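The values are calculated or read from the model by the stated rules, or taken from the named source; none is laboratory data. Owing to the predicted nature of the structure, the values given are computational and were not obtained by experimental measurement. Cβ placement follows ideal geometry from the backbone for every residue including glycine, while neighbour counts extend to all protein chains displayed. Quick note on the areas: whole protein, heavy atoms, side chains included, nothing else; ligands and nucleic acids left out. Shrake-Rupley method; radii C 1.70, N 1.55, O 1.52, S 1.80 Å.
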Amino acid sequence: MGRAWSWGIVLAVLLLSGTPAEADRLLHAGVLKCSACRAIAKEMVEKKKKHLEQEKQPIQVSHRLGTGKWDPHGDGGVKKMDYANSEILAIETIEGLCDSFPSYFIREVDGERVFTTDSDAGASSAAYVSSEKQIFSDVKKTLQFYCEQLVGDNDEEAHALVMAEKLDLPRFEEGLCEKIDNVCSPAVLAKAKVKEAAKKAKYEDKKRQDWAEQRQGGTAGKHQIADIHLSLAGVRLNLTGLNFTVKLDGKSPTAPPKNEGPESVLDSNATTKWLNSHKLGVILEVPTPVTVDAFSFTTANDHPERDPVRWEFSAGVLIAEEAPAEPAAEAEAGGEPPKEPAAANYTWVTLHSRTSPPYPTPFERGHDLPQFNFSQPHTAAVFRFRPIFGRPNGAKKAKKPSSEPAAGKADEEL
């Protein structure tokens with residue numbers, strides 16, 4: 001029992017070293033507290049299994065750790081017994097349990113936040129209320145504090161659980177989390193889930209308000225979309241089949257991340273996107289002019305605050321283009337190298353514009369927006385989609401007042 005006694009001393013020191021706030025991190029966490037208890041039960045089972053694999057032979061124990069009556073006339077009170085049923089196994093399983101936790105993460109799985117060692121188990125979760133922020137600041141330490149509190153307050157019951165149960169995780173979870181701490185019993189968990197749903201709803205509502213504010217004010221600093229679609233009479237055009245190409249309407253000072261360049265708007269893949277980090281537009285070109293009467297786009301796979309809510313969609317009308325220089329096999333000695341072809345110069349006819357009020361782009365990811373119809377069909381070989389940053393009243397500082405261009409009229413290039 002010396003080892004059990006020493007464990008009690010160590011545990012007491014650990015508990016006293018933590019502040020009350022640290023020890024009560026999970027006090028009002030509800031569903032998360034149940035998940036934390038189940039994580040501790042899992043570690044209990046794993047540690048017991050590890051000790052059983054290391055010690056398979058019967059062991060000699062004193063009468064205090066054995067079962068049955070002590071015979072003082074026998075072999076000095078020492079007897080052999082099965083290690084799997086010994087109190088020594090319980091002591092060695094509990095001792096140091098709270099210090100040996102692996103890295104845990106909090107993920108949202110099937111709509112519920114859980115502690116897990118699998119970082120890819122589900123979507124990353126977040127604290128719903130300020131009192132939960134400490135839990136997320138150090139997940140491993142949160143579990144250690146709760147483990148120390150749970151085992152320290154229920155030392156005898158924890159030892160009895162390890163001795164009584166086999167390597168059966170559901171039985172350990174029931175014993176530890178429904179009978180010893182009662183945080184996962186059906187009645188308690190049902191109430192906790194109601195509170196969890198209310199906290200999540202309030203959190204999601206606040207998050208949407210923040211996203212909407214960032215969208216309208218342009219404070220996210222970036223825009224992104226997954227795909228652009230062109231339609232005629234309600235039927236989408238196959239842009240890839242028509243050999244559409246894409247380029248930026250301007251020069252980007254940095255290269256985009258992988259799968260986040262402008263070419264992504266043509267791949268019909270909601271998992272890739274065009275990340276617009278430099279307030280540029282994107283130009284779509286096709287070798288043979290096409291007739292369209294509507295456009296739409298698909299929201300990107302993350303960061304709803306970056307969704308466009310104001311934009312202009314235009315068709316390009318070529319007004320000047322310098323013929324490309326004839327390529328020379330070799331520049332003559334002392335002669336000038338061939339000139340680069342001049343970039344095409346377009347005036348832009350606005351086919352659809354959304355400036356004020358901002359469009360309520362859905363927060364769902366990979367969502368196809370409805371078609372935005374033009375006032376009439378338009379035939380062109382060049383089109384431009386240009387997100388608009390900032391609020392409409394931001395234009396008050398400009399020399400020209402901001403106004404929404406009428407459909408079919410040329411707008412100025414910015």
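Within the option set 356, 403, being in contact with a helix residue (DSSP H, G or I) (Cβ under 8 Å, 6 or more places away or on another chain), modelled with pLDDT under 95 and either of a type in the set (Phe, Trp, Tyr) or farther than 28 Å from residue 269 by Cβ (or both) holds for one residue only, 356.
Yes/no per residue for (1) within 18 Å of residue 40 (Cβ to Cβ); (2) polar (S, T, N, Q); (3) within 31 Å of the chain's Cα centre (by Cα):
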| position | (1), (2), (3) |
| --- | --- |
| 130 | no, yes, yes |
| 133 | no, no, yes |
| 141 | yes, no, yes |
| 171 | yes, no, no |
| 193 | no, no, yes |
| 198 | no, no, yes |
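Here's the yes/no breakdown for (1) modelled with pLDDT under 55; (2) part of a loop (DSSP other than H, G, I, E, B); (3) open to solvent by less than 30 Å² (accessible area, probe 1.4 Å); (4) among the polar types (S, T, N, Q):
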position: 302; (1), (2), (3), (4): no, yes, no, no
position: 316; (1), (2), (3), (4): no, no, yes, no
position: 319; (1), (2), (3), (4): no, no, no, no
position: 325; (1), (2), (3), (4): yes, yes, no, no
position: 328; (1), (2), (3), (4): yes, yes, no, no
position: 348; (1), (2), (3), (4): no, no, yes, no
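Annotation: residue 126 fulfils all but one of (1) in contact with a His (Cβ under 7 Å, 6 or more places away or on another chain); (2) more than 19 Å from residue 150 (Cβ to Cβ); the unmet one is (1). Is it fair to say residue 155 is under 15 Å from residue 36 (Cα atoms), open to solvent by 30 Å² or more (accessible area, probe 1.4 Å) and among the charged types (D, E, K, R)? So residue 155 does not fit the description; no.
If a residue has to be touching an Asp or Glu at 6+ places or on another chain (Cβ under 8 Å) and open to solvent by 70 Å² or more (accessible area, probe 1.4 Å) to count, how many in segment 235-261 make the cut?
Initially, segment 235-261 is screened for residues touching an Asp or Glu at 6+ places or on another chain (Cβ under 8 Å), giving 240, 244-247.
If we keep only those that are open to solvent by 70 Å² or more (accessible area, probe 1.4 Å) as well, we get 240, 245, 247.
So the answer is 3.
One residue stands out in segment 36-57 among those that are open to solvent by 10 Å² or more (accessible area, probe 1.4 Å) and within 31 Å of the chain's Cα centre (by Cα): the one that is nearest to residue 185 (Cα to Cα), namely 38.
Return yes or no: is residue 252 within 19 Å of residue 313 (Cβ to Cβ), small (Gly, Ala, Ser) and in contact with a Leu (Cβ under 9 Å, 6 or more places away or on another chain)? No, not satisfied. Filtering segment 147-199 to residues that are basic (Lys, Arg), out of contact with any Ser or Thr (no Cβ under 9 Å at 6 or more places or on another chain) and closer than 21 Å to residue 29 by Cβ leaves 191, 193, 195, 199. Kindly evaluate residue 121 against the criterion of being of a type in the set (A, V, I, L, M), surrounded by fewer than 21 Cβ atoms within 10 Å (Cβ to Cβ) and closer than 27 Å to residue 201 by Cβ. Yes, satisfied. Of the residues in segment 249-259, none is modelled with pLDDT of 95 or more, within 27 Å of residue 390 (Cβ to Cβ) and under 30 Å from the mean Cα position of the chain (by Cα).
For (1) crowded, with 17+ Cβ neighbours inside 10 Å; (2) of a type in the set (S, T, N, Q), each residue gets a yes or a no:
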position	(1), (2)
170	no, no
176	yes, no
182	no, yes
185	no, yes
218	yes, no
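Looking at segment 357-368 only, could you name the residues that are open to solvent by 70 Å² or more (accessible area, probe 1.4 Å) and free of Cβ contacts under 8 Å to residues at least 60 places away in the same chain? Correct list: 357, 360.
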